[in-house]
Amino acid sequence: METPEVGELTPPNRTLMGPGPSDVHPRVLRAMSTPLVGHLDPSFVEIMDEVQELLRYAFRTDNQWTIPVSGTGSASMEAAIGNVVRPGDAMLVPTNGYFGDRMASMAERAGGEVVRVDAPWGEPLDPAD
């Protein structure tokens, strides 16, 4: 089989108006194009120390274990629920779409007692509920 010929990836510039992916600031794009270093490289450790310091500042915490974790929005939701919900804790979960159902499932797996506030998919929740 012959190797297909393809050009360099050059996607057009777009203003993204949906829920994700979202536009990335040019400064972030430049940072993403810098050389890679391994996780054991001394410069990586220095960078990670700075990132942790900035995260502690952003989240107003002194917790030394504040670290960035790469992942999807669902991964962050799982991490938050897994670190906050304990068996028997009550958790109020809006279930009016896919992610609400997913959040309820995560809370149940963490042992939480899920209190659902239901609405039809895509419809706003009624604050009285």
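The values are calculated or read from the model by the stated rules, or taken from the named source; none is laboratory data. What you see is a predicted model; the values in this text were computed from it and never measured. In this analysis, Cβ positions are derived from the backbone assuming ideal geometry, glycine residues included, and neighbour counts consider all displayed protein chains. Please note that ligands, DNA and RNA were not included when accessible areas were found on the heavy atoms of the full protein model with its side chains. Shrake-Rupley method; radii C 1.70, N 1.55, O 1.52, S 1.80 Å.
Annotations for the structure displayed:
- For the range 51-63, filtering for residues that are surrounded by 10 or more Cβ atoms within 10 Å (Cβ to Cβ) and of a type in the set (D, E) leaves 1.
- Among (1) open to solvent by 70 Å² or more (accessible area, probe 1.4 Å); (2) of a type outside the set (A, V, I, L, M, F, W, C); (3) more than 18 Å from the chain's Cα centre (by Cα) - the single one G38 does not satisfy: (1)
- Some residue of the range 66-74 being in contact with a Phe, Trp or Tyr (Cβ under 8 Å, 6 or more places away or on another chain) and more than 30 Å from N13 (Cα to Cα): yes
- Subset of the range 85-117 (residues that are surrounded by fewer than 13 Cβ atoms within 10 Å (Cβ to Cβ) and closer than 27 Å to P21 by Cα): Y98
- Of the residues contained in the range 9-25, one or more are found to be open to solvent by 100 Å² or more (accessible area, probe 1.4 Å), free of Cβ contacts under 8 Å to residues at least 24 places away in the same chain and β-branched (V, I, T).
- Leading residue by the ranking (farthest from A75 (Cα to Cα)) among those in the range 93-122 that are in contact with a Ser or Thr (Cβ under 9 Å, 6 or more places away or on another chain) and among the aliphatic types (A, V, I, L, M): A119
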